Structure formats: structure tokens, C-alpha cells
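Working notes, structure below.
The values are calculated or read from the model by the stated rules, or taken from the named source; none is laboratory data. If you're wondering where the values come from, they're calculated on a predicted model, not measured in any experiment. As a convention, Cβ positions derive from the backbone with ideal geometry for all residues, glycine included, and neighbour counts pool all protein chains shown. Note: areas computed on protein heavy atoms with side chains; ligands, DNA, RNA excluded. Shrake-Rupley method; radii C 1.70, N 1.55, O 1.52, S 1.80 Å.
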Amino acid sequence: MRVVLDACVLFPTVLREILLGVAARGLYTPLWSERILEEWARATRRLGPAAEVQARAEVAAVKAAFPKAMVLPQPGLESRLHLPDEADIHVLAAAIGSHADAILTFNAADFPRGVLAAEGLARRDPDGFLWELWSSHPETVATIVREVHAKAEAIAGAPLSLRALLKRARLPRLAKALQA
């Protein structure tokens with residue numbers, strides 16, 4: 001499955017690490033554009049200048065890890081598209097231009113299912129998407145989640161509840177499935 005990751009699913013670190021971890025294991029193919037990656041980096045500004053510098057380093061690492069994920073703009077494509085929030089048209093254009101199967105986003109209102117279906121796309125929320133991947137590949141997803149959890153604990157320097165960590169990442173269904 002080819003999936004365009006909206007910036008809103010790349011900014012929360014735990015969610016991004018899980019999504020990219022399962023992608024690295026071949027459970028789906030992640031896609032993004034330069035503009036999506038730039039939105040991710042800019043979104044971190046509210047955490048301070050050091051956060052943006054770190055995000056830009058992470059963007060570079062993600063590009064290197066997934067060199068085939070970059071979607072190039074298709075001239076004229078955006079001009080024929082319409083969404084409730086015009087600022088999201090570039091995400092839809094990236095999905096169409098890359099022949100993606102879905103857009104992974106928290107922004108359901110900005111990506112109406114009917115508009116996406118007319119373009120042969122689905123809108124997926126991260127929790128449901130990861131739960132489905134877990135349903136098909138439970139050990140692979142559980143391993144990735146354990147690795148991300150261990151990394152978060154190492155950064156925090158203290159034990160963290162896996163269930164709470166996943167809930168903060170807006171993954172309550174996955175947390176319940178993993179019985180964290």
C-alpha cells in the first residue's frame with residue numbers, strides 16, 4: 001500500500017517513529033513531498049528554535065532512509081483540485097501524482113472521503129491504520145512499538161507507561177490492542 005503521510009502525522013515523534021518503523025519493515029510504502037516535510041519542520045517552531053533545527057536534521061535523515069518516498073510536483077495538478085482548506089491541496093496533489101492508495105492524516109474535515117474517492121484515494125487515520133497493520137503483522141508492529149517505547153524511556157531517563165505514551169500519540173486503539 002502506498003500512503004502519503006500528512007505533516008500532522010510526522011510531527012509527533014512517537015507516531016512518526018512507529019509509522020516509519022513499520023514502513024522500514026515493508027508493511028507499507030510512505031510518500032511525501034518537499035512541502036509536506038517543510039510543514040513538519042515549521043510546525044516544530046512552537047517548541048523553540050532548537051526543535052526546528054532538530055526537525056530539519058530528522059527530515060534529512062528521513063529523506064536518506066526513504067529516498068523513493070519523495071513525490072515531485074505535477075505541473076497544473078493543484079489548479080484543478082478543491083478541498084475545504086486550500087492549504088491542503090498540495091497533499092492531495094502529492095497523493096494523486098504518486099498514485100497513492102491513501103492519505104494518512106488526523107485532519108478528516110480537510111480531506112472529505114467523497115473528494116478523495118473521486119481521485120481513487122482513501123483517507124486513513126493513524127490509529128486505525130496502525131491497528132490494521134498490527135492485525136495482519138502483530139509481532140512486527142509490536143516489535144516496532146517496543147523499540148520506540150524503549151527509545152522514549154531512554155530520552156526521558158525514566159520509565160514511561162506504554163499505554164500513556166501511545167495515547168498521547170493519539171493511538172488509543174493500538175494501545176488497547178497491545179494491551180499496554
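State to the nearest 20 debye the size of the charge dipole of the chain about its Cα centre, where the only charges are +1 on K and R beta carbons and -1 on D and E beta carbons. Don't jump to the answer; show the numbers that get you there.
Values: 22 positive and 20 negative charges, 95 e Å.
Dipole size: approximately 460 debye.
Between R163 and L47, what is 0.36 nm times their sequence separation minus the Cα-Cα distance? Round to one decimal in nm. Show your work: numbers first, answer last.
Numbers: separation 116, 0.36 × 116 = 41.76 nm, distance 2.42 nm.
Stretched out fully, the R163 to L47 stretch lengthens by 39.3 nm.
To the nearest 0.05, how large is the calculated FRET efficiency for H99 and E34 if R₀ is 30 Å and r is the Cβ-Cβ distance?
Rounded to the nearest 0.05, the efficiency is 0.95.
Can you give the accessible area per residue of the chain, in Å², using a 1.4 Å probe?
Details: 9030 Å² over 180 residues.
Ligands and nucleic acids excluded, the figure is 50 Å² per residue.
If you count the DSSP beta bridges with both ends in the chain, what percent of them are antiparallel, to the nearest 5?
Working: 0 of 10 bridges.
Approximately 0 percent, going by the DSSP bridge assignments.
Given the Cα-Cα distance of K68 and A150 and 0.36 nm per residue of separation, how much length would full extension add, in nm?
Details: separation 82, 0.36 × 82 = 29.52 nm, distance 2.83 nm.
Once the chain is fully extended between K68 and A150, it gains 26.7 nm.
Hey, rough spin-label estimate for S79 and F106, points 7 angstrom out along Cα→Cβ, what's it come to in nanometres?
3.5
At what distance in angstrom do the alpha carbon centres of the stretch 1-62 and the stretch 102-180 lie from each other?
So the two Cα centres are separated by 14 Å.
Report, in debye and to the nearest 20, how large the dipole of the stretch 51-134 comes out about its Cα centre when Lys and Arg carry +1 and Asp and Glu carry -1 on their Cβ.
Numbers: 7 positive and 12 negative charges, 62 e Å.
It works out to roughly 300 debye.
Relative contact order, percent, of the stretch 54-132 when contacts are C-alpha pairs under 8 Å separated by at least 6 residues?
Numbers: 69 pairs, mean separation 18.1, N = 79.
Across the stretch 54-132, relative contact order equals 23 percent.
Just from its helices, what would the mean residue ellipticity at 222 nm be for the chain, if runs of 4 or more DSSP H residues each count -39500 (n - 2.57) and the sum is divided by every residue, rounded to the nearest 500 deg cm²/dmol? Let's see the in-between values first.
On the way: 10 runs with 101 residues, N = 180.
Estimated from H runs of four or more residues: -16500 deg cm²/dmol.
I'd like the carbon and sulfur percentage of the solvent accessible area for the stretch 25-180, probe radius 1.4 Å, heavy atoms only, ligands and nucleic acids excluded.
Values: 4690 of 8410 Å².
C and S atoms contribute 56 percent here.
About its Cα centre, how strong a charge dipole does the stretch 2-81 have in debye, to the nearest 20, once Lys and Arg get +1 and Asp and Glu get -1 at the Cβ? Don't skip to the end; give the middle numbers.
Working: 11 positive and 8 negative charges, 20 e Å.
Once rounded to the nearest 20, the dipole reads 100 debye.
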